[in-house]
There are 2 protein chains.
Amino acid sequence: MDKVNLADKFARFADHWSPKVVAELNGQHVKVVKFQGAFVWHHHDDEDELFLVHRGRFRMEFRDRTVELSAGDFLVVPRGVEHRPVADEEVEVVLFEPATALNTGNVRDERTVDTLERL
Amino acid sequence: MDKVNLADKFARFADHWSPKVVAELNGQHVKVVKFQGAFVWHHHDDEDELFLVHRGRFRMEFRDRTVELSAGDFLVVPRGVEHRPVADEEVEVVLFEPATALNTGNVRDERTVDTLERL
C-alpha cells in the first residue's frame, strides 16, 4: 500500500515495447511501457486493453481507421479487435489489462515478452 | 472505440464524491470523481480499488497511517482495508475498480451512489 509515481517509474527504464508491471488488483495489471516505431499487428482473444498516454503521442491503427492519442487521452481496445500502435517519437503509455494479457496477443515475434518485469 | 480525454470528462461535472463511469473493460470500471472535504470511513469486501490523481492532491487515511497523493501518483487500496479519502481542496481522481464496487463500500450514508452516471 505504497503510492506509485508514474514519472518515477518511467524514469527507471529505456527500452521500447516491453511493459513493466507497476501494480496488480482484481486480477488486472497496471503496466508502464514506452513505444517507439511501429508494433506488430495483433489482437487479444480474451482481454480488453486500455491505453492511457502519460507523455507524448501515438496513433492506434485499426484495419479500417486510426485514432490519434496524446497525453491525457485513453482508448479501450476490445478483445478480438486487431490493432497496431505506432509512435513516430517515443511515447509513455500506461496499460490496464488482465494479468493474462500477452503484449503481442495472438502473434509471436521478437518483441513478445513472456515474463514481465516488475518495477 | 473512441478515445477519451480525461480533462474533457472532468470539465463536464462539478459535484463531489459522485463517481462517473467513463469506460468499462474486463468487468472493471474506469471512473472520474472529484473529492473535496472528508469522505466516510469504509472498506470494500471484495474489491481492490485504484486511485490515480489527475489534478490536485489529497490524502488517503488508513487507521494506522496516511498517504499523501499528488498529480501523477496512484495508490491501490486492497479489499478489506478501511480507508477514508480527505481533500483540503478539490482534487480530480481517476478510479479503476470492479464494476460491482459501491463508492461507500460497506457503509451507507447520504453520499452512497447506487446508480452510476456515465459520461
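The values are calculated or read from the model by the stated rules, or taken from the named source; none is laboratory data. Note that the coordinates shown come from a computational prediction; the quantities given were computed from them, not determined experimentally. Positions of Cβ are generated from backbone atoms using ideal geometry, with glycine treated the same way; all protein chains shown enter the neighbour counts. Note: accessible area is taken over every heavy atom of the protein model, side chains too, but ligands, DNA and RNA are not part of it. Shrake-Rupley method; radii C 1.70, N 1.55, O 1.52, S 1.80 Å.
Hey, among the residues in segment B:27-48 that are of a type in the set (Val, Ile, Thr) and either part of a strand (DSSP E or B) or crowded, with 19+ Cβ neighbours inside 10 Å (or both), which one's farthest from the other protein chains (Cβ to nearest Cβ)? So that I can check it myself, show each step before the final result.
Here is the first cut: in segment B:27-48, the ones of a type in the set (Val, Ile, Thr) are B:30, B:32-33, B:40.
Now restrict to residues that are either part of a strand (DSSP E or B) or crowded, with 19+ Cβ neighbours inside 10 Å (or both): B:30, B:32-33.
On the way: B:30: 7, B:32: 11, B:33: 16 Å.
Ranking the qualifying residues of segment B:27-48, first place goes to B:33.
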- Query: In segment A:49-77, which residue that is part of a loop (DSSP other than H, G, I, E, B), open to solvent by 30 Å² or more (accessible area, probe 1.4 Å) and within 10 Å of chain B (Cβ to nearest Cβ) is farthest from residue B:5 (Cα to Cα)?
  - Reply: A:65
- Message: Can you tell me which condition residue B:101 does not meet? The list is (1) more than 11 Å from the chain's Cα centre (by Cα); (2) modelled with pLDDT under 95, and all the others hold.
- Response: (1)
- Task: Of the numbered conditions (1) open to solvent by 10 Å² or more (accessible area, probe 1.4 Å); (2) at pLDDT 95 or above, residue B:110 fails exactly one; give the number of that condition.
- Result: (2)
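Conditions tested, residue by residue: (1) at pLDDT 95 or above; (2) within 20 Å of residue A:76 (Cα to Cα).
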{"residue": "B:41", "(1), (2)": "yes, no"}
{"residue": "B:52", "(1), (2)": "yes, yes"}
{"residue": "B:68", "(1), (2)": "yes, no"}
{"residue": "B:75", "(1), (2)": "yes, no"}
{"residue": "B:78", "(1), (2)": "yes, no"}
{"residue": "B:96", "(1), (2)": "yes, yes"}
{"residue": "B:117", "(1), (2)": "no, yes"}
- Message: Anything in segment A:1-26 that is open to solvent by less than 60 Å² (accessible area, probe 1.4 Å) and within 8 Å of chain B (Cβ to nearest Cβ)? List them, or say none.
- Response: A:4, A:5, A:6, A:7, A:23, A:25, A:26
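Which count do you get for residues in segment A:55-96 that are aromatic (Phe, Trp, Tyr) and over 14 Å from the mean Cα position of the chain (by Cα)?
Here is the first cut: in segment A:55-96, the ones aromatic (Phe, Trp, Tyr) are A:58, A:62, A:74, A:96.
Applying the additional criterion that residues be over 14 Å from the mean Cα position of the chain (by Cα) yields A:62.
So the count comes out to 1.
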- Query: Considering only segment A:78-100, how many residues are facing another protein chain (nearest Cβ under 10 Å), surrounded by 21 or more Cβ atoms within 10 Å (Cβ to Cβ) and among the hydrophobic types (A, V, I, L, M, F, W, C)?
  - Reply: 2
